[in-house]
Structure formats: structure tokens, C-alpha cells
1. I'm checking my understanding of the structure. Among residues of the range 14-31 that are away from ligand 1 (no atom under 16 Å from the Cβ) and not β-branched (Val, Ile, Thr), which one is modelled with the lowest pLDDT?
2. Is it the case, given these coordinates, that Gly291 is surrounded by 14 or more Cβ atoms within 10 Å (Cβ to Cβ) and either modelled with pLDDT under 95 or within 18 Å of Val14 (Cβ to Cβ) (or both)?
3. Regarding Met183, is this residue of a type in the set (A, V, I, L, M) and farther than 30 Å from Leu167 by Cα?
4. Find all pairs meeting these conditions: Cβ atoms under 6 angstrom apart; at least six residues apart or on different chains; first residue within the range 128-148 and of a type in the set (A, V, I, L, M, F, W, C); second residue in a loop (DSSP other than H, G, I, E, B).
5. Quick one: which of Gly286, Gly240, Gly249, Gly308 is farther than 17 Å from Gly43 by Cα, touching a Leu at 6+ places or on another chain (Cβ under 6 Å) and not β-branched (Val, Ile, Thr)?
6. So if I check each of Val125, Val103, which one is closer than 22 Å to Phe243 by Cα, within 16 Å of ligand 2 (Cβ to nearest atom) and not polar (S, T, N, Q)?
7. What number of residues within the range 182-192 satisfy the criterion of being surrounded by 24 or more Cβ atoms within 10 Å (Cβ to Cβ) and touching a Gly at 6+ places or on another chain (Cβ under 8 Å)?
Amino acid sequence: MTQPARKRLYIQEVSTRDGFQIEPRFIPTAQKVGLIDALSQMGLAKIEVTSFVSPKAIPALADAAEVMQQIRRVPGVEFSALVANVRGCERALAARVDEINIVMSASQTHNRANLRMTCEQSLGVIRQIVPIARGQTAVNASISTAFGCPFEGDIPAARVMELVDQLAALGIERLALCDTTGMANPVQVRRVCAAVVAGWPELTFTAHFHNTRAMGLANAVAALEAGVDHFDASLGGLGGCPFAPGATGNVCTEDLVHMFEMMGYNTAVDLDALIGIALTLPALVGHDVPGQVMKAGRSSRRYPAPDGTESPAASLHRRCD
Ligand code: COA
Ligand code: ZN
């Protein structure tokens, strides 16, 4: 009997942007390129390569143009870059990105801290960028602090809906709801995601969670159950916004893929190979990383029994290999 097709989920890697932007040590360009080239072989739908922002704001990504120029473009993988203003958009277009990811916050205070603009000014930037990018590249808008702001606290669902409405009116077709400092909980995520998916069925929504309060994977499941099928995640669980106090890593890509695959979904990602790449990260960044499956192994991992005998399942597993 043929198995029913497993539902496809799209995994979007952000470690070389969200991850590296907060690393205290500059990762040399060649090592960034090597990591991206390895990641492009993994079955990931999209890689957020870098950001074209002020090098004073984010010195870690000052080599954005060089990185974009040196990576190998793999068909089927989208290579995206974050921007915050029109200058960044023009630099990203010159670098032939497949997607511009324009960022703004749901909260005024984080928008000012991160981008030195009001939310209205950021909307003005997006109004300018959409026609410039049209016909050349896709545009995604990422709404930071969509589930809570480290300065202002709760963000009402109505505020997120208002922004989605404004962004859709500006011609945005792809939208990421970002939990910048891990303040979201699964009940809230289910409610907000279900509302935007039902309200704007023609848009593609991405869930972007940080695991700052250990709710990242629970929130991903809540978003999935609410109808979201695109997920941002970061290898090893690197990540964080340098202008959001207390920010820590994104949900970890290999942990997210492991969970979704165990739940019966098709991520198209080569999990074993991805874990292999994750294991090289501590040497690259110079510290331990939060990823868990890279340390524990897949849940199918088996150990020899303490008395040296093999469990029936283990011997069966071995015979089948
Ligand atoms: N690319 C390169 N340089 C840029 C730039 C861009 N997209 N935008 C501005 N700059 C440079 C300017 O030339 C100027 O340089 P100078 O001081 O040598 O003259 C400097 O950055 C400041 O420019 P200004 O237009 O006055 O910007 P600002 O100080 O008001 O800062 C942003 C606004 C948006 C440029 C800045 O806050 C920024 O890049 N933020 C991004 C933060 C981020 O990436 N956060 C993490 C992701 S969520
Ligand atoms: Zn983030």
C-alpha cells in the first residue's frame, strides 16, 4: 500500500544572518562562504545569507557584498538578505539576491533602537522599496517584536493585524512574524497565526521564533497547527538581535527538522548531513552552541545494553542497515 504523501514544510536557514550578526568575533568571509555553500546542499528552501545594513550597526556582516558574490548559487535554494533602508535595498539588488527581507518592528521602541526610525518611517521605506524591487527580486517583510517587545511588553494581536494589513496594501506578499526575544507562548502563537492565515490566505507567512525562554519548538508546533508552513531557524541555535536586550538564539534548525520529521512531516532536509555541519559550528564561532540533537543524536540512536548484550531492536536495526 502506498503511504500518503507527507505534508511539505519549508525550512529557512538564518544562521549566517541572525546568527552571525550577534557573534562577538568576526567570522572571516571565506568561512561564511564555506558554511553557506555547505548549507545549500541540505535541502533548505531558503538561506538568509547576510544583511545589507550599516556596517557601524552590524560590523559582523560588513562583508555582505563579498559573501553574496562568492557563494555558489544552488538551483532550488533562495538566497535572501536583510535590509532596513533604501540604500540596503540597492546594495542587495546589486548583489543579485533572490529575496530582500525588509525588517521593521511592531513596537516603536524596538524599531527606534534597531533602526533609528519610527514604525511609520519604516513603512515609508517599504513603500519605496517594493516598486524598486518589483520584477527583480522577491520581497519579504519581517515584523520584529510581533509577540512581545523587551521594552514595551505585550504586543496586542490587533497591532500585528494592522501591520499585516498595511504591508499587504503596499504590495508585500511574504511576511515573517518574528518573536525577537522569545516572549511568545503557544496559545498566543496559535491565535495570532490562525488569524493572519485566515485573514490573508494569499500571503505566505513565516514563523520566526527565538528560544530565549525555551518555548521556541512549542511555538513552532502552534504555528504549524495554525496553518503556517514556512519556518526560520538557525543552525546550532545561534542568533539574536544586538539591539534587543536579552536576545538569544533562534530555534535550532536541526532540532526543528528532527521534531517535524518525527511528527511525520517532510522538510526535504538531509538531517544527518545537517547535524554534521552543526558539529563544526563550535570551532567556527569559538564557543558551545545551544543545539540539542547535535549532542544527543537522533531519537533513533541506540546504545549497547550495559551487560554487553544487544536489545532485539538494536540487532534488528543493524541487520537492516
Ligand atoms: N549600507 C551601508 N551603510 C549604510 C546603510 C546601508 N544600508 N545605511 C546607512 N549606512 C551608513 C551611512 O552611510 C552612515 O555612514 P557614515 O557615518 O560613515 O556617514 C551610517 O551608516 C549612518 O547612516 P544613517 O542614514 O544616518 O543611519 P542611522 O544612523 O540613522 O541608522 C540604519 C539607520 C537603518 C542604517 C541602522 O540603524 C541600521 O543599519 N540598522 C540595522 C540594524 C540591524 O541589522 N539589526 C539586526 C537585524 S533585526
Ligand atoms: Zn531573529
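1. Looking at residues that are away from ligand 1 (no atom under 16 Å from the Cβ) and not β-branched (Val, Ile, Thr), I get Arg25.
2. For Gly291, the condition - surrounded by 14 or more Cβ atoms within 10 Å (Cβ to Cβ) and either modelled with pLDDT under 95 or within 18 Å of Val14 (Cβ to Cβ) (or both) - is met.
3. Taking the combined requirement at face value, the residue does not satisfy it.
4. As it stands, the answer is Val130/Leu170; Val130/Gly171; Ala141/Ile172; Ile143/Ala106; Ala146/Ala106; Phe147/Met183; Phe147/Ala184, since those pairs meet every condition given.
5. None of the others qualify; the one that does is Gly249.
6. Sole residue among the options that is closer than 22 Å to Phe243 by Cα, within 16 Å of ligand 2 (Cβ to nearest atom) and not polar (S, T, N, Q): Val103.
7. So the count comes out to 2.
Condition check ((1) touching a Gly at 6+ places or on another chain (Cβ under 8 Å); (2) of a type in the set (Gly, Ala, Ser); (3) within 16 Å of ligand 2 (Cβ to nearest atom)) across all residues:
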residue: Gln3; (1), (2), (3): no, no, no
residue: Arg25; (1), (2), (3): yes, no, no
residue: Ala62; (1), (2), (3): no, yes, no
residue: Gln70; (1), (2), (3): no, no, no
residue: Arg73; (1), (2), (3): no, no, no
residue: Ser80; (1), (2), (3): no, yes, yes
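The values are calculated or read from the model by the stated rules, or taken from the named source; none is laboratory data. Not measured: the values here are computed from a predicted model. Note: ideal-geometry Cβ built from the backbone for every residue, glycine included; neighbour counts use all protein chains shown. Remember, those area values only see protein heavy atoms, side chains included, never the ligands or the DNA or RNA. Shrake-Rupley method; radii C 1.70, N 1.55, O 1.52, S 1.80 Å.
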